[in-house]
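**Q** Quick one: structure below, then a few questions.
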Amino acid sequence: MTDASGARVLDNGAMTSDVHAPPVNSSRKSPPRSPRRARRGQAMVEYSMINWVLIVGLVIGATVRIRWTDDRQTNVIDLFLEAYQIYYDSFYFVLNLPFP
């Protein structure tokens, strides 16, 4: 017997539909991963570890003060900025020479 919506009505009053879901098999295992996919995962882990080491090394190297001489103690960023200032000043000096 069916009702107006097309669902089947059993003798005890329970309704079932004509659309059946596939059986659920919880013991089914996923297919094994391909070797290419495993290599890609390993490459991502190595890439992440190398990036982490580089970033941590850069942060520590840039913030730690290094004693270059007895009277000079600066970090790497200060040295780069000082070198850039000397570089910029040399261009300014050369461009302002009185020679034509």
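The values are calculated or read from the model by the stated rules, or taken from the named source; none is laboratory data. Treat the numbers as computed from the prediction; the structure is a model and nothing was measured. Don't worry about glycine lacking a Cβ; one is built from the backbone with ideal geometry, like all the others, and counts go over all protein chains shown.
**Q** Checking Ile60 against (1) of a type outside the set (Ser, Thr, Tyr); (2) under 30 Å from Ile77 (Cβ atoms); (3) modelled with pLDDT under 70, only one condition comes out false. Which one?
**A** Among (1) of a type outside the set (Ser, Thr, Tyr); (2) under 30 Å from Ile77 (Cβ atoms); (3) modelled with pLDDT under 70, the lone unmet condition for Ile60 is (3).
**Q** Also, I was wondering about something else. Look through segment 24-50, keep the residues that are of a type in the set (D, E, K, R) and not in a loop (DSSP other than H, G, I, E, B), and return whichever of them is modelled with the highest pLDDT.
**A** Glu46
**Q** I need the full set of residues from segment 63-76 which are exposed (fewer than 12 other Cβ atoms within 10 Å of the Cβ) and at pLDDT 80 or above, in order please.
**A** Selection gives Thr63, Val64, Arg65, Arg67, Thr69, Asp70, Asp71, Arg72, Gln73.
**Q** Here is a check on your reading of the model: is Phe80 loosely packed, with under 10 Cβ neighbours inside 10 Å and aromatic (Phe, Trp, Tyr)?
**A** Numbers: loosely packed, with under 10 Cβ neighbours inside 10 Å: no; aromatic (Phe, Trp, Tyr): yes.
So Phe80 does not fit the description; no.
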